[in-house]
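The values are calculated or read from the model by the stated rules, or taken from the named source; none is laboratory data. Predicted model, so just to flag it, every value in this text is computed and none were measured. Cβ coordinates were reconstructed from backbone atoms using ideal geometry, including for glycine residues, and neighbour counts include every protein chain displayed. Ligands, DNA and RNA are excluded from the accessible area calculation, which covers all protein heavy atoms including side chains. Shrake-Rupley method; radii C 1.70, N 1.55, O 1.52, S 1.80 Å.
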Amino acid sequence: MTRFSAWEVIKNGFTNQSGWSRQWRDPQPKSNYDIVVIGGGLHGLATAYYLAKNFNLKNIAVVEKGWIGGGNAGRNTTIVRSNYMLKGNREFYEDSLKMWENLSHELNYNVMFSQRSHITLYHTPGALDSAARRYNIMLQTGSDAEIWSRAKLKKEIPHLNYANDARFPIHGALVQKRAGTARHDAVAWGYARAADKLGVDIIQKCEVTAINRKAGKIASIGTSRGKITARKIALAVAGNTSRLWQLADLGNLPIESHKLQAFVTEPLKPLLDHVIVFGVGGAHFYISQSDKGGLVFGGDIDWYKSYAQKGNLHIVQDVSESALSLLPCLGRVKLLRHWSGVVDMSMDGSFFMCKTPLDNLYLNAGWNYGGFKASPASGWYFADLIANDRPNDIIKDHNLERFKTGHHIDESGAGPDPKLHG
Amino acid sequence: MKSERINNVLHPPEITEDLIHFYWNRKKYFARKGDSIAAGLLANNLNIIGRSFKYHRPRGVMSAGVEEAGALVTIGFGARTEPNIRASTTELIDGLHIYSQNAWPSVKHDFGSILNFLGRFFAAGFYYKMFMGVPPFEWGRGTRIWMFFERFIRKAAGLGKSSRLPDPDYYEHLHTHTDILVIGSGPSGLQAAISAAKTGKDVLIVEQDYIIGGSFLNQQDKKELEEQEKLLKKLGVTILTHTTAFGLYDNTTVGLIEIIPSEGRKDLDKKPRQRFNICRANNVILATGAIERVYAFINNDLPGIMSVNSARAYLNRYGILISKNIVICTNNDSAYETAIELKNAGAKVTILEIREQIGDILLRQISGTGINLLLGSGVAKAEKGFNNSTISRIKIVEMTDKGWRYAGTLFCDCLLISAGWSPVIHLASHQNFPINWNEENACFTSFGDAKSVFLVGSAAGIWQQKQCINSAKELFKYNSKQKYKPSLITGGWEKPIAPLYEIRLASIKGKAFVDPQNDVTTSDIRLAHQEGFISVEHMKRYTTLGMATDQGKMGNIIGIALMADALNCSISQVGVTRFRPPYTSISLGALAGRNRQSHFKLIRRTPFNKFSLNNNAVMINSGLWQRPWYYPVQSETLDSAYIREATITRKSVGICDISSLGKIMIQGPDTTEFVNRIYTNSFNSLPVGKARYGIMLRDDGFVFDDGTTWRLANHCYLMTTTTNNASSVMTKLEELLQVRWSNLNVQITSVTDQWGGCAIAGPNSRNLLSKIVDNPVEISNESLPFMGVKQISIQTVICNIARISFSGELAYEIYIPSDYAHSIMELIWSRAQEFDSCLYGLEALGTMRIEKGHVTSAEIDGRVTIEDIGLGRMASMNKDFVGGVLKNRKALTHSHRPQLVGIFPKHKNKSFKVGALLNEAGRLNGHPIGWVTSVTFSPALGHWIALGFIEGGLNLIKGKNIVLSDELRSTFLDVDIVSPHMFDPEGSRLYG
Amino acid sequence: MLQIKCPFCGKRDQTEFSYGGDGQITYPALNADEDSWHDAVFLRQNIYGRQIETWQHSHGCRSWLLVERDTVTHEIFSVELAHGDWQKQVEKNK
């Protein structure tokens, strides 16, 4: 496989692009693998890659019912940050951010991680103070954080709404400078290409239709492309976790599937150089500009449980109101597309990465809004869990038993109502 | 290409006489009223209108419709700048300023076009393969190198430039209900609306164009349109022009955007610019028409190349003969009528017919017209002239047994293409209705859901106007089940189309475009296939095909066909990507409507709002509420004001607006049982006329909310909640009563807005109150003891008064009916002048409750247990309550949980802030052992104090040196951890 | 947009309502064991397809409703009051 570099790009410019080969193979599924990862999203692909790379495992397959990166991998608003404060989350997301910083080199694929600062606005002195705990914990645990005053914000982003008649005047912001955005598709393809290079079979259009149990283990899985047996099975199928869980006859999970919409405008010349988060008075809004020029933004989930990848109008209206309230210059900017993805909303807003009641089944689920930024660390620690058959300390609290014991990991304090963990 | 206006009988004089002017890149030109921007530009022979996204190739008008991928312009200036406007569909308004975009220094001589010559290096996905490290071998780590390149890439990308000034115009929302919504006012749409109206239904027809008629407008004979229009009006059908149905949502809700014409308007500021109309229809008829496709050949993006139908639109609708030397290349019957019309208008016309045979009727029609017909021929390459950028000649090919063969060069200055038609099925796709590849007609078709959404006319893949109109008529003939009957017939050409997506000869080199806006070429599609991006979704994302402002209305099918070819499978196997709303781009301003600026979210004001403002209050947002923050005297700062307010209150008396607390009236025979189940502590023994502080938990055992509940009568309680949780508590109580405990006979009503609440606190509070109430005896210590509740009249107005205290002073909470709140407050305040008194705001309220160690939502953050806040004794062991079971889980009862404490700085002159962390001295890294939740300067204690949580609480922390660290604001200081009850711990002041 | 036919107020937009949660959950008695509370509060069947769910007509009559809805197509099949006794009352008064 050709290594990606400017050199090769120039060389291929002269050879009519003839030097590029498939970025990943299209293998027929074998009947047996050591490890099968179900779900060809970012987490599944990353898991396969780190299994092969960190543990030198060879006989691995990723099975995907559609096309890799076709679920939430390609539907999110591409924000990467680590402003989490609770034990477990903090270390995990910080590790992930560190991995992001070198991901393009790691994968030899430009995932375009742009550390353009993640700016969370606050509208009263009290709100800024309350949020300070989170950012202080970040600083104290080796991350970066700073406060931007209104004056500093005005200088950096002069076209935000500083008007006196704004419903919620901007008071200041908490900023993580190392955070930013990345190119979501490239991450999926980069992991796929790198995993494939290490011998992982990436099998697309292969839907799992049955999970066959035998003596507390999974004996085999039935797929639309035949039966596959494996020593270990890993689930990474955000949005559809409950369905596969129930295919394995495992009952209920602390997860609800909800749909989250995302939006992009027509391409514009550079207008916004940061990621901005605006949340006040019940509004929730985040926006950045893609390298192509489209403003990419999103808001709340649609508030009711859904497996449909189609959004409804009230959220379109809500996010547009926030957009205009934050950036009054967007009135004439036009919405190009809006779409939605199905996310696993969990009972405390945090993810699950753990062993399951079945010996050889491993679970990676419940990413709420946070799956994209988690991808590298998710792959890393999930691979670690599968290979070693025990959770790393960092993820050990992210198990299914935590609601039995009361060890909730609730960053927002919203309690056991999945829709509130936005 | 040289276009000209034609003035003949087809163009009524009232249009030709109506001259308007516009500015193209600041230069003045003239056009006719009714022109689109594209028509105005073409009529002035302005052929190079924009530059493409990637290679900065010149772009001209490619269509006369929403599929336009070339003629994108910016209109307006200053704060009214609007980028990425489709010239082909936007009405040209007198005096309009139009600018080219994505070009520097000018659209004719664009510096960026240098990229065109480097194009060989910019194949699909090249940016995934480089820019990550130091070139050429991508050395290095981190993101710095990418971010260096990114700056230049961002500048080169993007199309139009948007204004950074606030949009000065406003927009509004409208809600519409109708039986039947017809989308599109072409022949089928008009007929559908007429037929539907005849069945007695309420019908709304919407048209994205600025006049109705659809394809009727492109025809020479307008008689039928006029008749249909008359009929429509007679039947009372509502017609909305300038209105795009941009999305189909659940329950046949359709999003409409109506552009309100600004023509001749002097009152721009007073009228909305656009209207977002949310239409709920019982049935939706998609009469959305079809879009004519082009195909891929070398340089198929040159200005001067457009679809056949658009030339017809410019000829018959706008009176512009696009060129006098035209070549038409087609693979279907639809182009011939246009060819004849163009010929009749005075152009030289050559038809290159892909098919080797055409039907007899067509043949008869063109025979004798002077049109030159070449069968089995096509275009393989277009070339520009030496001194201009528009098309000047083409390389033609002819079909042989072995495929296409070069057949010579033809000079022309306009090339029209018709490679088939794509029905506009976007709205059906929004709802995921089935979409199928129609092999015979080489297009994707949909039948909607056949329950409430139907397609008629060419949107359903029907090509002949008569049959289109018929399909609309037929639909409204009910079938036996009283359901509408959609047509299942498609097509209708004399001879079938010869599917054509690309003409490629090995000997002819150059770029052939699939998506001319995003500069996606056929080789990009092939490269995507070569690199394994074989799913249509991958291809789209890797090449960016169909992701430009036209969302692939013209190009998508070519891309899909090329991928099918590469994969050696059928188009239906490759499938189509799902269309997403909006159908055409819509402005965010319209979607937001009036809900912006001060109207972004509603404002809740208390009944004392006016009073507070009259008394110089500085207000603060608290959720949606605006509450008095502090009442500065003269130029007092926040700090000096709240310190003064708290001091006077503790010394004498202060008055505070507490109206935003949630107030819930609970009534009914089972009320006591209900309240008992809600709160952790028992309310069984609470006598009438007494209040009790209560804590409620969530189902999961964590603290939900707190407040006092007053027993007003045997079966009547008034519950107060925190401001933050007022609505969630109400919702929860209703859920419990209606869903879980429907056997309890209890009614609850939110009365938050019915009562204005004020606290009167301080040693003089009773003295002040006795000057206000009608009968002072009622508030004596005996008559109204601590936690006592009474209905007392003030100026004959019955108010609820409770002797409860958040400040720790002798204090009362008075709830006054909202209508009387202002005047009674004025009375209280005027009587208060006899004392050393003050109004105090949220900040001083906070000061006094922090001194007392009372918790608010700063402490009750959804993660604390009742023990954590030191109120474990309030969890009754003798009864069951919500959350009572799960609160006993292991992690919730752990002795090392962070617990509520008071915090004093060791050096009493030091201040600090909320959000600071608590660490053991010498261990300032990693997770802290505690944090600060509330901070104030305590006038009572004379130094800064705080509430916070620390692992294990006061007992476990004893003897340890604790450092408060606030790295964010560079504050580090030694602190003492103390009891949260920092002032008057025995509560002696409560009794006055 | 979803439209829900409130038994009291008629067909209204979804924006007048708030989604509650899974309507199939039976909450245990307040003194039931920890496991049954755990299952009711934290575990979800998360049905793909037709499910009974609770909504509140929060900007209307404030009734809690049991709605049968398809979580894939969003089609609504039935709406009734969660409070069974109230429904009897309503019918009696008809």
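A few notes on this one:
- Hits in the stretch B:935-974 (condition: more than 14 Å from chain A (Cβ to nearest Cβ), buried (at least 23 other Cβ atoms within 10 Å of the Cβ) and under 23 Å from B:GLU843 (Cα atoms)): B:ILE945
- Candidate set: the stretch B:55-88, residues that are among the hydroxyl-bearing types (Ser, Thr, Tyr) and modelled with pLDDT under 95; chosen: the one farthest from the chain's Cα centre (by Cα): B:TYR55
Residues checked against (1) open to solvent by 20 Å² or more (accessible area, probe 1.4 Å); (2) more than 8 Å from every other protein chain (Cβ to nearest Cβ); (3) not in a strand (DSSP E or B):
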{"site": "A:SER257", "(1), (2), (3)": "no, no, no"}
{"site": "A:ILE276", "(1), (2), (3)": "no, yes, no"}
{"site": "A:GLY281", "(1), (2), (3)": "yes, no, yes"}
{"site": "A:SER288", "(1), (2), (3)": "no, yes, no"}
{"site": "A:ASP302", "(1), (2), (3)": "no, yes, no"}
{"site": "A:VAL316", "(1), (2), (3)": "no, no, yes"}
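- If only residues of the stretch B:109-119 that are more than 17 Å from B:GLN517 (Cα to Cα) and not in a helix (DSSP H, G or I) are counted, the one that is most open to solvent (accessible area, probe 1.4 Å) is B:HIS109.
- Single residue of the stretch B:413-440 satisfying the filter (at pLDDT 95 or above and assigned to a loop (DSSP other than H, G, I, E, B)) that is surrounded by the fewest Cβ atoms within 10 Å (Cβ to Cβ): B:GLY420
Every residue, every condition in (1) within 12 Å of another protein chain (Cβ to nearest Cβ); (2) buried (at least 24 other Cβ atoms within 10 Å of the Cβ), yes or no:
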residue	(1), (2)
B:GLU809	no, yes
B:ILE814	no, yes
B:ASP819	no, no
B:LEU827	no, no
B:PHE835	no, no
B:LYS879	yes, no
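- Scanning the stretch C:67-84 finds one or more residues that are under 14 Å from the mean Cα position of the chain (by Cα) and part of a helix (DSSP H, G or I).
- Residue in the stretch B:948-956 that is free of Cβ contacts under 8 Å to residues at least 60 places away in the same chain, of a type in the set (Phe, Trp, Tyr) and either assigned to a loop (DSSP other than H, G, I, E, B) or more than 30 Å from B:ILE779 (Cα to Cα) (or both) present: no
- Some residue of the stretch A:133-151 being without any contact (Cβ under 8 Å) to a residue 12 or more places away in the chain and more than 9 Å from every other protein chain (Cβ to nearest Cβ): yes
- Restricting attention to the stretch A:194-225, the residues that are open to solvent by 30 Å² or more (accessible area, probe 1.4 Å) and touching a Pro at 6+ places or on another chain (Cβ under 9 Å) add up to 2.
- Any hit, the stretch B:637-649, residues being within 28 Å of A:GLY126 (Cβ to Cβ) and among the aromatic types (Phe, Trp, Tyr): yes
- A:LYS58 fulfils the conditions (1) touching a residue at least 40 places away in the same chain (Cβ under 8 Å); (2) within 14 Å of another protein chain (Cβ to nearest Cβ); (3) assigned to a loop (DSSP other than H, G, I, E, B) except for a single criterion, (2).
- Residue that is nearest to the other protein chains (Cβ to nearest Cβ) [pool: residues in the stretch B:882-895 that are in a loop (DSSP other than H, G, I, E, B) and open to solvent by 10 Å² or more (accessible area, probe 1.4 Å)]: B:VAL885
- Looking only at the stretch B:120-172, and only at residues there that are among the β-branched types (Val, Ile, Thr) and either within 24 Å of A:LEU326 (Cβ to Cβ) or more than 7 Å from chain A (Cβ to nearest Cβ) (or both), the one that is surrounded by the fewest Cβ atoms within 10 Å (Cβ to Cβ): B:VAL134
- Some residue of the stretch B:874-881 being more than 40 Å from the chain's Cα centre (by Cα) and farther than 30 Å from C:TYR27 by Cβ: no
- Residues within the stretch A:1-48 that are polar (S, T, N, Q), at the interface with chain B (Cβ under 8 Å from one of its Cβ atoms) and either touching a strand residue (DSSP E or B) at 6+ places or on another chain (Cβ under 7 Å) or under 30 Å from A:ALA238 (Cβ atoms) (or both), tallied: 1
- The residues on offer are C:SER78, C:SER63, C:SER18, C:SER36, and the sole one that is within 24 Å of B:THR252 (Cβ to Cβ), of a type in the set (Ser, Thr, Tyr) and within 11 Å of chain B (Cβ to nearest Cβ) is C:SER18.
- Of the listed requirements (1) in a loop (DSSP other than H, G, I, E, B); (2) more than 11 Å from every other protein chain (Cβ to nearest Cβ); (3) hydrophobic (A, V, I, L, M, F, W, C), B:LEU768 misses just one: (1).
For every residue, the table says whether it meets (1) modelled with pLDDT under 95; (2) of a type in the set (Val, Ile, Thr); (3) crowded, with 21+ Cβ neighbours inside 10 Å.
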site	(1), (2), (3)
B:SER659	no, no, yes
B:THR672	no, yes, no
B:ASN676	no, no, no
B:THR680	no, yes, yes
B:GLY694	no, no, yes
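- Segments classed as helices (runs of 4 or more DSSP H), wholly inside the stretch B:542-602, with at least 1 members that are open to solvent by less than 10 Å² (accessible area, probe 1.4 Å) and of a type in the set (Val, Ile, Thr): B:556-567
- Here C:ASP39 does not qualify as over 13 Å from the mean Cα position of the chain (by Cα) and more than 27 Å from A:VAL342 (Cα to Cα).
- One residue alone among A:LYS205, A:LYS259 is of a type outside the set (Gly, Ala, Ser) and under 26 Å from B:GLY532 (Cα atoms), and that residue is A:LYS205.
- Taking the criterion of being exposed (fewer than 14 other Cβ atoms within 10 Å of the Cβ) and within 20 Å of A:GLY126 (Cα to Cα), the residues of the stretch A:146-162 that qualify are A:SER149, A:ALA151.
- Yes/no for B:PHE386 being of a type in the set (Phe, Trp, Tyr) and open to solvent by 10 Å² or more (accessible area, probe 1.4 Å): yes
- Residues located in the stretch B:700-733, provided they are within 11 Å of chain C (Cβ to nearest Cβ) and surrounded by fewer than 21 Cβ atoms within 10 Å (Cβ to Cβ): B:SER727, B:SER728, B:THR731, B:LYS732
- The set of residues in the stretch B:770-823 being in contact with a Pro (Cβ under 9 Å, 6 or more places away or on another chain) and hydrophobic (A, V, I, L, M, F, W, C) consists of B:VAL797, B:ILE798, B:CYS799, B:LEU810, B:ILE816, B:ALA821.
- Condition met for B:TRP741 (aromatic (Phe, Trp, Tyr) and within 14 Å of chain C (Cβ to nearest Cβ)): yes
- Flag for B:PHE912 being assigned to a loop (DSSP other than H, G, I, E, B) and under 18 Å from A:ASP129 (Cβ atoms): yes
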